[in-house]
Amino acid sequence: MAPRPYWKGYLKLSLVTCPVAMTPATSESEKVRFHTLNKETGNRVVSQYVDSVTGKPVDEDHQAKGYARGENDYIVLTEDELDAVALDTVKTIDIDKFVPRDSIQWIYLEKPHYLMPNDPVGQEAFAVIRDAMAAGKVLGVSRLVIGRRERAVVLEPRGEGIVVWTLRFGDEIRPEKSYFEGIDETADPELIPLVQQLIKQKTKKWSPQMVTDPIQESLLQIIAEKRKALRSPKRAKAQPKEVGAPSNVINIMDALRKSMAAEAKRGKGAR
């Protein structure tokens, strides 16, 4: 069952409009999350806003948004002023331009969302926009208000739907040149064939199991064991295994040859 959409509005291209719904393409609901507790009472610790000078809690009715213009100097904006800047993009994704599909650098892509028709009457208009973009190998560029902030987005036709990517702003991007300019431009030509062989031996088809979270799996295991211990007599804690000292650094050529030999042996054993 598909998750409930968190945004509903309209997709618009010139005079073609259709009702749509959007939901995040990724989720973190399965992640292990912890509550902060009082160790003495076992009760949850509740966070609250307090005045930085008086130290007293501030009721929600007395809270306001402030833009810092200096130390302890703020420009206060009221809820009415924040609501007054609401744009048409709150409820409409109006595609105003298109760009070649491969022209947007990967670093600008932030978070994907699934966009789908929200009314049977609008499915034809949705399909026309989707298929026309796919045929032209282009992405649609628009803007959308998410969390009171207008974001630039691109629309990418994918299968029967459209993926909406929020984009990072230009001032959020750090140029790679300033970080990579000190790296040697060329590698030892004698090592490259060895690395290519190693890459070939380790190349497999993509699988979602390649990006599992071992830390979360370990946490779940610990939680399961503690839950089991609450239902049974306590057992002595297992002694942690000693970790051996790291081995000395060896020659890169020897390391590559040993790696390839190990991969070749592993490949024979899997047959």
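The values are calculated or read from the model by the stated rules, or taken from the named source; none is laboratory data. Keep in mind that what you see is a predicted model, and the values were worked out from it rather than measured. Heads up, the Cβs are rebuilt from the backbone with ideal geometry, glycines too, and the neighbour counts pull from every protein chain shown. The protein model used for the area step is the full one, side chains on, heavy atoms only, and it has no ligands, DNA or RNA in it. Shrake-Rupley method; radii C 1.70, N 1.55, O 1.52, S 1.80 Å.
Overview of values
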| item | result |
| --- | --- |
| Strands (runs of 3 or more DSSP E) fully within the range 93-166 counting 2 or more residues that are on the phi < 0 side of the Ramachandran plot and over 20 Å from the mean Cα position of the chain (by Cα) | 97-100, 109-117, 138-146 |
| Any hit, the range 178-195, residues being exposed (fewer than 10 other Cβ atoms within 10 Å of the Cβ), outside any helix (DSSP H, G or I) and under 19 Å from the mean Cα position of the chain (by Cα) | no |
| Among (1) open to solvent by less than 70 Å² (accessible area, probe 1.4 Å); (2) aliphatic (A, V, I, L, M); (3) in a strand (DSSP E or B) - the single one ILE75 does not satisfy | (1) |
| Residues of the range 15-49 classified as touching a strand residue (DSSP E or B) at 6+ places or on another chain (Cβ under 9 Å), in a loop (DSSP other than H, G, I, E, B) and within 21 Å of GLY161 (Cβ to Cβ), total | 2 |
| Cross-chain or 6+ apart pairs with Cβ under 7 Å, the range 115-137 first and in contact (Cβ under 8 Å) with a residue 40 or more places away in the chain, then crowded, with 17+ Cβ neighbours inside 10 Å and in a helix (DSSP H, G or I) | PRO117/PHE126 |
| Filter result for ILE104 (surrounded by 14 or more Cβ atoms within 10 Å (Cβ to Cβ), under 19 Å from TRP7 (Cβ atoms) and of a type in the set (Val, Ile, Thr)) | no |
| Per-region count, the range 50-72, residues out of contact with any strand residue (DSSP E or B) (no Cβ under 6 Å at 6 or more places or on another chain) and assigned to a loop (DSSP other than H, G, I, E, B) | 11 |
| Matching entry among TYR10, TYR6 (being surrounded by 11 or more Cβ atoms within 10 Å (Cβ to Cβ) and modelled with pLDDT under 90) | TYR6 |
| Tally, over the range 118-134, of residues that are open to solvent by less than 40 Å² (accessible area, probe 1.4 Å) and either closer than 30 Å to GLU28 by Cα or not β-branched (Val, Ile, Thr) (or both) | 6 |
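Residues checked against (1) farther than 30 Å from LYS8 by Cβ; (2) aromatic (Phe, Trp, Tyr); (3) open to solvent by 100 Å² or more (accessible area, probe 1.4 Å):
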residue	(1), (2), (3)
GLU150	no, no, no
LEU155	no, no, no
GLU176	yes, no, yes
LYS200	yes, no, yes
GLN209	yes, no, yes
THR212	yes, no, no
